[in-house]
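Okay, structure first, notes after.
The values are calculated or read from the model by the stated rules, or taken from the named source; none is laboratory data. The shown structure was predicted, so the numbers you read here are calculated from the model rather than taken from an experiment. So basically every Cβ, Gly included, is an ideal-geometry build from the backbone, and we count neighbours across all protein chains shown.
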Amino acid sequence: MRVLIDACVLYPTVMREVVLGAARQGLFQPLWSERLLEEWARAAARRGPVDEVQARGEVALVRAAWPEACVTPRAGDMARIWLPDPNDVHVLAAAIAGSADLILTSNAKDFPRNVLREEGLDRRDPDGFLHDLWLAHPEKVAAAAREVLLQAQQMDDVPHEMRPLLKKARLPRLAKALSS
């Protein structure tokens, strides 16, 4: 399965790391565009220059881990596509260029299902997507989430619990599934 990951999933950190952890487990092939990676870095920059530097470093690591994941939207697709928010046309165009099966986004209103269906695509929200992956591959998704939990504990130098960490990252269904 090929999944175009929107910038709103690439940033914030915990959500991105759980999603990419599932990709590292071989559960799907991630895709993005240069513009989406830049949107991630700019979103981090709003928190300050240190956050931007860290985000740009993380972007470089993601590029290195998945060199084939970056797709370039085609001008023809960019010109013909209509979405409620013209700033999101590049996301759909990148998904088309990458032969994605779905767009992973928290932004349902700007990606109407009928428009996506015309392009042979669907959209999923990160929590529902990860929960469904957990239902199919519980051990792999749990391993990805445990890795994120360990990283958070090392970075913050304080103990974290899985459920609150994932709930704060807007992954409540996955949090509940992994806590039961």
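The conditions are (1) under 10 Å from the mean Cα position of the chain (by Cα); (2) of a type outside the set (Gly, Ala, Ser); (3) in a helix (DSSP H, G or I), and residue 30 fails exactly one of them. Which is it?
The number of the failed condition is (3).
Can you name every residue in the stretch 139-161 that is more than 19 Å from the chain's Cα centre (by Cα) and not in a loop (DSSP other than H, G, I, E, B)?
139, 150, 153, 154, 155, 156
Which residue out of 132, 110, 88 is in contact with a Pro (Cβ under 7 Å, 6 or more places away or on another chain), surrounded by 12 or more Cβ atoms within 10 Å (Cβ to Cβ) and modelled with pLDDT of 95 or more?
Going through 132, 110, 88 in turn, the sole match is 110.
Listed residues 59, 50; which is within 13 Å of the chain's Cα centre (by Cα), without any contact (Cβ under 8 Å) to a residue 24 or more places away in the chain, part of a helix (DSSP H, G or I) and not assigned by TED's automatic domain parsing to the domain that holds residue 171?
59
Which condition number does residue 117 fail, the rest of (1) buried (at least 16 other Cβ atoms within 10 Å of the Cβ); (2) more than 19 Å from the chain's Cα centre (by Cα) being met?
Every listed condition holds for residue 117 apart from (1).
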